[in-house]
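Derivation of every value follows stated rules applied to the coordinates shown; laboratory data play no part. All values reported here derive from a predicted model rather than from experimental measurement. No Cβ is skipped: glycine too gets one built from the backbone with ideal geometry, and neighbour counts run over all protein chains shown.
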Amino acid sequence: MTLGKKTAYISIIITIFIIVLIINDKISDTKIYFQISDIRLGQKSLNVNEAEIFKVAEKYLKNKSFFNINLDYLKNSIEKVAWVKNAYIRRSYPNEVIIFIEEYTPVAVWNNDSYISENGYIFSANKIEKKLPKISSYSNRNIIIFEYFSLILDGIRKNKLNDKVLLIKENEIRSLTVLLESNIAIKFGSKNIKERIGIFFKAYKTLKTSDLKKIRYIDMRYSNGFSIGWK
């Protein structure tokens, strides 16, 4: 064996020996460096149960170090907690994790068992005490019903009406009825609803306050007008 080959052989043996020592050291060393010891919420929440957030985070972050956190996994886990729309996770050196929560904003109760958000999205969550309008329809109709709801709210605001929406109900033939806080029911039917909403507000403004107290319903299902049902 030449001197060059001997030198190469010895170098390989030394390299293997060093690698074995490193592996053995890693196996025997159970110490966690920069272990996460502090979890903090970036802001106060309105409806989210903060204790539930901490429970989920602590379960995942137990025995995790600053460097081996799977932020996407933690984000997805937290977003399964009721009322959480989005979660944003940030590490703060050397041992802290900060959690920022974006909550759903409920604008109405959907079919008595869910909520509908400010963009028409249906989500399930624990009940809150806040009184909200109720919407009743089929699950695949949330976007279009929310559009009608928004048009009605916008009409009430623009016309400065002293009234609120209590209930919006769409039946099996997609006929829409709206109940106001004044106990007036508006029957919009199933066709040209956006147009009829506009006509309704023009008609509503012409009614006297004394008349409003006597009205039971306003029927907008006519092609060239409307009718009023009195109490």
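Residue-by-condition table, conditions (1) surrounded by 14 or more Cβ atoms within 10 Å (Cβ to Cβ); (2) in contact (Cβ under 8 Å) with a residue 60 or more places away in the chain:
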site: PRO106; (1), (2): yes, no
site: ASN119; (1), (2): no, no
site: LYS130; (1), (2): no, no
site: ILE168; (1), (2): yes, yes
site: GLU172; (1), (2): no, no
site: SER175; (1), (2): yes, no
site: PHE188; (1), (2): yes, no
site: ILE197; (1), (2): yes, no
site: SER210; (1), (2): no, no
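Each residue in the stretch 196-229 was checked for being over 15 Å from LEU179 (Cα atoms) and either among the polar types (S, T, N, Q) or assigned to a strand (DSSP E or B) (or both), and 6 pass. Scanning the stretch 61-84 for residues that are touching an Asp or Glu at 6+ places or on another chain (Cβ under 9 Å) and surrounded by fewer than 16 Cβ atoms within 10 Å (Cβ to Cβ) returns a single hit, ALA82. Those strands (runs of 3 or more DSSP E) of the stretch 73-125 in which 2 or more residues are at positive phi are absent. ASN112 fulfils the conditions (1) surrounded by 14 or more Cβ atoms within 10 Å (Cβ to Cβ); (2) more than 23 Å from LYS55 (Cβ to Cβ) except for a single criterion, (1).
Kindly establish whether SER182 is without any contact (Cβ under 8 Å) to a residue 60 or more places away in the chain and out of contact with any Leu (no Cβ under 7 Å at 6 or more places or on another chain). So SER182 does not fit the description; no.
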